[in-house]
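The values are calculated or read from the model by the stated rules, or taken from the named source; none is laboratory data. The model shown is predicted, which means the values in this text are computed figures rather than measured ones. Cβ atoms come from the backbone with ideal geometry, glycine included; neighbour counts cover every protein chain shown. With ligands, DNA and RNA removed, areas are computed over all heavy atoms of the protein, side chains included. Shrake-Rupley method; radii C 1.70, N 1.55, O 1.52, S 1.80 Å.
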Amino acid sequence: MKSILIPLFLATTASFAQIAGQATPVEKIKIAKGFQVELLYSVPKEQEGSWVSMTQDDKGRLICSDQYGALYRITPGAKAADTKVEKLSIDFGHCQGLLYHAGSLYGVVNADAYQGRGLYRCKDTNGDDQFDAVELLRAFPGKAGEHGPHGVVASPDGKSLYVMCGNQTPEPTCETSRVPRHWAEDQLFPMLLGRGFMRDVLAPGGWLAKTDLDGKKWELINTGTRNTYDIAINRNGDIFGFDADMEWDTGMPWYRPTRVCFMQSGGEFGWRTCSKKWPARWEDSLPAVVDIGPGSPTGVAFGYGAKFPEKYQDALYICDWSYGKMYAVHLAPNGAGYTGAAEEFMSASPLPLTDIEVSKKDGAMYVSVGGRKVQSGLYRVTYTGSDIAKEPSSLNEQIKDVEKFHQSISDQMAGRGALEAYHGKQDTLAIDAAWSHLSSTDRNLRFAARIALEHQPVASWKDKALSEANPRAALTALMALARSSGGDKTLLKPILDALGKIDFKSLKGLDRNTLIRDYMLAFTRLGEPDAATKAELIAKLNPLFPTNDTGLNRDLAEVLVFLGDAGIVAKAAPLVNDSPTQEEQIDYARILRFAKTGWTKELRADYFRWFLRAANYKGGASFDLFIGEIKKDALGTMSEEEKLAIKDVLEAKPEAKAPTFTSKPMNFVKAWIVADLEKSLGVGLEGNRNFQNGRNMFGAATCFACHRFNNEGGAVGPDLTSVAGKYSPRDLLEHIIEPSKEISDQYGSTVFTKKDGSQVVGRIANMNGDNMMVCTNMMDPNNFTNVNVKDVVKTEESKVSMMPPGLLYMLKEDDILDLMAYLLSKGNPDDPMFVK
C-alpha cells in the first residue's frame, strides 16, 4: 500500500545549478494529500547563517536563530516577495531553543558565546519593539556540542518552562527531582567501547527539567534520553519528545532507533553510553511510543491551532534533519500511556528540517530548514481542502475542549496522574496509594507507582516488599527495593529469597523478563552472592533456558554466565552461530565472552569461527571495533594451552563475501513469482506453520539486516511489525518478490546526476555545508558516498527499490509460508497459524 504522499507538481527532476543559494524548491517536496508548501525565504547563508530554532511573538511574527550567530525576525507575507526579514539588534543568538512567552524571549544557548551554555531571557525594556536586555537565568555545565541544551517550551498554565538537554549536558543540580536520585549503569558486564564517543558520560544521560519564569527553582522531570532536541505538550499536559539514535551502533544488539517518547514524570529511558544501553524489555525504563528508524531528530510541535483537518490538528509533528522527513505522529491514549503511528507528512532530499511553528495568527504551519551551515530556508504549509476542523474561539470553548479530552482518557491515565503527585516528595499516604497499582497490567501505571514508592523512606516499606505475596506486585516492589537499597548488602539475601518464591512458570510475557531483570538489579546494586547461593540460583535458573522469548533468553544467559554456570555454555554457544539475526548472534558472543567454564574444544572452535563470518557483517562506525573487543575479551579468558588447541581457527583469515546469517548452507531453489505461491496463501497459512522456522527464514533471507520486526533487526528499512494491519497476504508477498513494483516514498532513493555525467543512487544520511553523505547500500549503512551539492546538475527519484530482488530464491515453499506467517502474526508464537 503506497503512502498518500504526492508531488506538489508533476515534475520529478530539478537542476541543482538553477537553485544555487536557494533552499530546496517546492516542486521537489512531497506533502500529504490536500496540503501545499510555499518557500517564503531562502536564507543568504554568508550573511544570515543557517537557522535551527524558531518561535512566534505576540504579533504573529517569527523569530529564528542562526546556529552560529544572530537572531532574525520574520513577518510572513501573502507571498514570498511580501515576506519581511530583519536582523534583531540585540547581541544574542546561537540558540537551539527559542520561546517567546509572557512578553520575553527565552533562548537556550548551546555554544561558548555570551556567558556560555544556558537558559537566557531577553526583554524589550523601552518599548521600541527591539530586545535590548539579556540575562542568563541558569548556566548549564559541560562543553559546547551537538548533544547539549536544546528546546524550551511553556507549561500549559503559562507559569513554568520546560527545558530539554542532551546527554552532553550534566544536570545542573536541580533543587528538586521527580526522578529518584539513585540512578546507575545497572549492567552486569563491562561495556564495549567501540569508538568511545562519550565513554565517560554516565547516568543519568539526557534530561528534562522544569523551572519558573525567572529560572530560579529547577525540578528534574525525567532522565535517560540520548539527545532529544525538542518537546511538545498535548492537551492533557503530557510531554512528548523525539529522541536520537546512535548511528555508530547500527547493526549491534543495543542499537535503538530514533523514537517518540512519552516523557512521563520520573521517567527513565535507558540511555547508557557505548554498549550499555538498556533494551525496551527492561521495566526499570520506559519504552518508546513509536519507533521511527535511523535519523537525526530536531524540532517537534503539535498541530493545535492549525487550519487543518482534525486528524492533522491533533497530530504530533516531528522533524528528521538527516533524511529530510517530517512525520505526523497520530497518538492515542492507551491505558496510562499512549500508542501511536507515524505518517510521512513532508519530505525531500535534501530537506534539513530544524523547527516547526503553527501560527496563532493565520493557522498556517511554518517550517525552517538549516543547521551545520547548510542552506537554510523558511516554508509555509497550508491545507487546500474544505474539511478544516473548527478551533475553539473562546476561553470557554477551550475549557470544554480540554474537558472533552479528559473524559476520553482512561482510569489508568487518571490513576497515573494521582500517583505522580507523590513524585519528588515524601508523603505518608504514598505507600498505600502506590501499592495498589504495583500489580497493574499497565506498564506506565506500574512505573508511576514504583517511582512514588522509591521516593519514600526505604525503612517504611522494605518489609512489605519482601513479604508481598502477589507475584506481579512483588516484582515491582522488589525492583524498587533493589534500586533504593543504597548499597545495603544485607538486603541481597532477603531480596533473592523473595524472588525465589516467585514461580517463573506462572508468569507470562514481560513479567518473566522482569523477574530476571530483578535478579540483575540485585547483583548490580548489592554485589555477587556467595558460592552456595550462586549454586542454588544456577540450579533454579538453568532449566528455564531456552524459552520462546529471544530477549528473555539473552537475559537468562547473561545472569547464568555472571553466576559462573558451566552448563549454560553448551546451551548458548550454538546460538552464536545459529541465531537468525546478526544482532542476536553478537549478543550471545558478547555474553559468553566472560564464560570461563563449560567449554569444550569444539564449542570454543565454533565460537571463534563465528568471528570469521562476522567479519562480513555490516554496521555503524563502531561495528568492527565492538566485534574486535568481544573477541579480545573472550581470548582473555583462555589459557595458552586452550588457545593452542584451536590455533588453526584463531589464525584463520576471514574470506570477503556477502554476509550470511545462517550457518547452514543455502542453495538456489527457484526464481519465485507471485503466481507460484498465491494459491497457498489461504489454507497454507491455517494452523500448520512453524513459528521458529519463520523467524529463522526472516534471518536467512537477510530481512533482519535492514528491517526491524518485534524490536529486533536493522533500521534502515521500514519496521515490519505492523504489516499484518496494512497488507493482505498476497500484497505482502508481492512487495517481497517485486520490491520495485511500488516503492514506498518513505524509503525510496534518489539519483544524483553530476556534472561529469556520473550518477550516485541512494539516500542522504547526513550533511555538512555543501557536502551530502549518501548511503548507497542498505546492507552497509555505514558506507557513504560524499556528493558536493555544487557538482550536482539533476536529481530524480529512483525507479529501482533499494531492497534487492531475489531474497526468496534460496527458500523452499514451506519456508516462505512460515516466513509469511511469522510476519502476519506480528511475532506472536501463540497465533492460530502456528502448530502448537
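Out of curiosity, is A459 buried (at least 21 other Cβ atoms within 10 Å of the Cβ) and modelled with pLDDT of 95 or more? First the steps, then the outcome.
Details: buried (at least 21 other Cβ atoms within 10 Å of the Cβ): no; modelled with pLDDT of 95 or more: yes.
For A459, the condition - buried (at least 21 other Cβ atoms within 10 Å of the Cβ) and modelled with pLDDT of 95 or more - is not met.
Counting only residues that are of a type in the set (S, T, N, Q) and not in a loop (DSSP other than H, G, I, E, B), which one in the range 362-378 is farthest from the chain's Cα centre (by Cα)? Give the steps one after another, and end with the answer.
Taking the range 362-378 as the starting set, the residues that turn out to be of a type in the set (S, T, N, Q) are 368, 375-376.
Pick out the ones that are also not in a loop (DSSP other than H, G, I, E, B) and you get 368, 376.
Details: S368: 23, S376: 26 Å.
Among those that are of a type in the set (S, T, N, Q) and not in a loop (DSSP other than H, G, I, E, B), it is S376.
Taking the range 666-684, which residues are open to solvent by 60 Å² or more (accessible area, probe 1.4 Å) and among the acidic types (D, E)?
Once the filter is applied, which keeps residues that are open to solvent by 60 Å² or more (accessible area, probe 1.4 Å) and among the acidic types (D, E), the range 666-684 yields only E678.
Between W254, W218, W271, which is under 23 Å from F626 (Cα atoms) and in contact with a strand residue (DSSP E or B) (Cβ under 9 Å, 6 or more places away or on another chain)? Lay out the reasoning, then the answer.
Values: W254 fails: in contact with a strand residue (DSSP E or B) (Cβ under 9 Å, 6 or more places away or on another chain); W218 fails: under 23 Å from F626 (Cα atoms).
So the residue among W254, W218, W271 that is under 23 Å from F626 (Cα atoms) and in contact with a strand residue (DSSP E or B) (Cβ under 9 Å, 6 or more places away or on another chain) is W271.
Limited to the range 616-671, what total is found for residues that are more than 21 Å from A573 (Cβ to Cβ) and of a type in the set (S, T, N, Q)?
2
Within the bounds of the range 469-491, is there any residue that is under 16 Å from L188 (Cα atoms), open to solvent by 10 Å² or more (accessible area, probe 1.4 Å) and either among the hydroxyl-bearing types (S, T, Y) or not in a loop (DSSP other than H, G, I, E, B) (or both)? Before you say what the answer is, go through the steps one by one.
Going residue by residue through the range 469-491, those that are under 16 Å from L188 (Cα atoms) are 479, 482-483, 487.
After this cut, where a residue has to be open to solvent by 10 Å² or more (accessible area, probe 1.4 Å) as well, the list is 483, 487.
With the extra rule that they be either among the hydroxyl-bearing types (S, T, Y) or not in a loop (DSSP other than H, G, I, E, B) (or both), the set shrinks to 483.
Yes, some residue in the range 469-491 is under 16 Å from L188 (Cα atoms), open to solvent by 10 Å² or more (accessible area, probe 1.4 Å) and either among the hydroxyl-bearing types (S, T, Y) or not in a loop (DSSP other than H, G, I, E, B) (or both).
Does any residue in the range 633-647 that is within 23 Å of P190 (Cα to Cα) come within less than 6 Å, Cβ to Cβ, of a residue that is modelled with pLDDT of 95 or more and open to solvent by less than 50 Å² (accessible area, probe 1.4 Å) six or more places away or on a different chain, and which pairs are these?
As it stands, the answer is D633/R593; A634/R593, since those pairs meet every condition given.
Which of the residues belonging to the range 687-738 are open to solvent by 20 Å² or more (accessible area, probe 1.4 Å), part of a helix (DSSP H, G or I) and modelled with pLDDT under 80?
Those that are open to solvent by 20 Å² or more (accessible area, probe 1.4 Å), part of a helix (DSSP H, G or I) and modelled with pLDDT under 80: A705, A724, G725.
What is the number of the single condition among (1) open to solvent by less than 40 Å² (accessible area, probe 1.4 Å); (2) touching a Phe, Trp or Tyr at 6+ places or on another chain (Cβ under 7 Å); (3) in contact (Cβ under 8 Å) with a residue 60 or more places away in the chain; (4) not in a loop (DSSP other than H, G, I, E, B) that V760 does not meet?
Against the list (1) open to solvent by less than 40 Å² (accessible area, probe 1.4 Å); (2) touching a Phe, Trp or Tyr at 6+ places or on another chain (Cβ under 7 Å); (3) in contact (Cβ under 8 Å) with a residue 60 or more places away in the chain; (4) not in a loop (DSSP other than H, G, I, E, B), V760 comes up short only on (3).
Residues of the range 323-340 being over 17 Å from I356 (Cβ atoms), under 15 Å from the mean Cα position of the chain (by Cα) and open to solvent by less than 10 Å² (accessible area, probe 1.4 Å), which ones?
Residues satisfying the conditions do not exist here.
Test D320 against the stated conditions and say whether it is more than 23 Å from V108 (Cα to Cα), open to solvent by less than 10 Å² (accessible area, probe 1.4 Å) and acidic (D, E). Walk me through how you get there before you give the answer.
On the way: more than 23 Å from V108 (Cα to Cα): no; open to solvent by less than 10 Å² (accessible area, probe 1.4 Å): yes; acidic (D, E): yes.
Spelling it out, it is not the case that D320 is more than 23 Å from V108 (Cα to Cα), open to solvent by less than 10 Å² (accessible area, probe 1.4 Å) and acidic (D, E).
Evaluate the range 431-444: report whether one residue or more is over 23 Å from L220 (Cβ atoms), of a type in the set (D, E, K, R) and either under 25 Å from the mean Cα position of the chain (by Cα) or surrounded by 20 or more Cβ atoms within 10 Å (Cβ to Cβ) (or both). Let's see the steps before the verdict.
Taking the range 431-444 first, the residues over 23 Å from L220 (Cβ atoms) are 432, 435-436, 438-442.
Those left that are additionally of a type in the set (D, E, K, R): 432, 442.
Next cut, either under 25 Å from the mean Cα position of the chain (by Cα) or surrounded by 20 or more Cβ atoms within 10 Å (Cβ to Cβ) (or both) only: 442.
Scanning the range 431-444 turns up at least one residue that is over 23 Å from L220 (Cβ atoms), of a type in the set (D, E, K, R) and either under 25 Å from the mean Cα position of the chain (by Cα) or surrounded by 20 or more Cβ atoms within 10 Å (Cβ to Cβ) (or both).
Limited to the range 87-113, what total is found for residues that are open to solvent by 40 Å² or more (accessible area, probe 1.4 Å) and either modelled with pLDDT under 95 or within 22 Å of P44 (Cβ to Cβ) (or both)?
So the count comes out to 4.
Going by the structure shown, is V576 among the β-branched types (V, I, T), under 23 Å from A658 (Cβ atoms) and modelled with pLDDT of 95 or more?
Numbers: among the β-branched types (V, I, T): yes; under 23 Å from A658 (Cβ atoms): yes; modelled with pLDDT of 95 or more: yes.
Answer is yes for this residue.
With the range 258-310 as the region, which strands (runs of 3 or more DSSP E) entirely inside it contain at least 1 residues that are under 21 Å from A209 (Cβ atoms)? Before the answer, list the steps.
Working: elements: 258-262, 290-293, 297-302.
Fully inside the range 258-310 and qualifying: 258-262, 297-302.
Considering only residues that are open to solvent by 10 Å² or more (accessible area, probe 1.4 Å) and touching a residue at least 40 places away in the same chain (Cβ under 8 Å), look in the range 67-86 and name the one that is nearest to the chain's Cα centre (by Cα).
Checking each candidate, the answer is Q67.
Where in the range 150-247 are there strands (runs of 3 or more DSSP E), lying fully within it, with 2 or more residues that are in contact (Cβ under 8 Å) with a residue 12 or more places away in the chain and of a type in the set (A, V, I, L, M)? Steps first, please.
Numbers: elements: 160-165, 206-212, 218-225, 231-233, 239-243.
The qualifying strands (runs of 3 or more DSSP E) are 160-165, 206-212, 218-225, 231-233.
Identify, please: which residue in the range 810-825 is assigned to a loop (DSSP other than H, G, I, E, B) and modelled with pLDDT under 90 and is, among those, farthest from S749 (Cα to Cα)?
Taking the range 810-825 first, the residues assigned to a loop (DSSP other than H, G, I, E, B) are 810-812, 825.
Still in the running and modelled with pLDDT under 90: 810, 825.
Numbers: M810: 26, S825: 29 Å.
Top of the filtered list is S825.
So that you can scan it fast, the table gives a plain yes or no per residue for (1) in contact with a Lys or Arg (Cβ under 7 Å, 6 or more places away or on another chain); (2) not in a loop (DSSP other than H, G, I, E, B):
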residue	(1), (2)
A341	no, yes
K360	no, no
R380	no, yes
I388	yes, no
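Do you know which residues across the range 625-665 are out of contact with any Phe, Trp or Tyr (no Cβ under 9 Å at 6 or more places or on another chain), acidic (D, E) and open to solvent by 50 Å² or more (accessible area, probe 1.4 Å)?
Across the range 625-665, the qualifying residues are E640, E641, D648, E651, E655.
Across the range 516-551, what is the total count of residues that are open to solvent by less than 20 Å² (accessible area, probe 1.4 Å), under 22 Å from A595 (Cβ atoms) and within 26 Å of the chain's Cα centre (by Cα)?
Going through the range 516-551 one residue at a time, the tally reaches 5.
Can you find a residue in the range 353-375 that is open to solvent by 40 Å² or more (accessible area, probe 1.4 Å), modelled with pLDDT of 95 or more, in contact with a strand residue (DSSP E or B) (Cβ under 6 Å, 6 or more places away or on another chain) and among the polar types (S, T, N, Q)?
Looking through the range 353-375, none of the residues is open to solvent by 40 Å² or more (accessible area, probe 1.4 Å), modelled with pLDDT of 95 or more, in contact with a strand residue (DSSP E or B) (Cβ under 6 Å, 6 or more places away or on another chain) and among the polar types (S, T, N, Q).
Please specify each residue of the range 587-609 satisfying the condition of being touching a residue at least 40 places away in the same chain (Cβ under 8 Å), surrounded by 19 or more Cβ atoms within 10 Å (Cβ to Cβ) and within 33 Å of the chain's Cα centre (by Cα). Can you show your working first?
Within the range 587-609, the first condition is being touching a residue at least 40 places away in the same chain (Cβ under 8 Å), and the residues that meet it are 587, 589-596, 599, 601, 604-605, 608-609.
Going one step further and asking which of them are surrounded by 19 or more Cβ atoms within 10 Å (Cβ to Cβ), we end up with 587, 589-593, 595, 599, 604, 608.
Those that are touching a residue at least 40 places away in the same chain (Cβ under 8 Å), surrounded by 19 or more Cβ atoms within 10 Å (Cβ to Cβ) and within 33 Å of the chain's Cα centre (by Cα): D587, A589, R590, I591, L592, R593, A595, F608.
In the range 266-277, which residue that is closer than 20 Å to A449 by Cβ and not acidic (D, E) is surrounded by the most Cβ atoms within 10 Å (Cβ to Cβ)? Lay out the reasoning, then the answer.
Restricting attention to the range 266-277, the residues satisfying the condition of being closer than 20 Å to A449 by Cβ are 266-270.
Retained after the next criterion (residues that are not acidic (D, E)): 266-267, 269-270.
Working: G266: 25, G267: 25, F269: 30, G270: 24.
For the range 266-277, the residue satisfying everything is F269.
Could you list all residues from the range 105-162 that are in contact with a strand residue (DSSP E or B) (Cβ under 6 Å, 6 or more places away or on another chain) and among the charged types (D, E, K, R)?
Across the range 105-162, the qualifying residues are R117, R121, K123, E135, R138.
Kindly indicate whether N227 is in contact with a His (Cβ under 7 Å, 6 or more places away or on another chain) and open to solvent by 10 Å² or more (accessible area, probe 1.4 Å).
Values: in contact with a His (Cβ under 7 Å, 6 or more places away or on another chain): yes; open to solvent by 10 Å² or more (accessible area, probe 1.4 Å): yes.
It is true that N227 is in contact with a His (Cβ under 7 Å, 6 or more places away or on another chain) and open to solvent by 10 Å² or more (accessible area, probe 1.4 Å).
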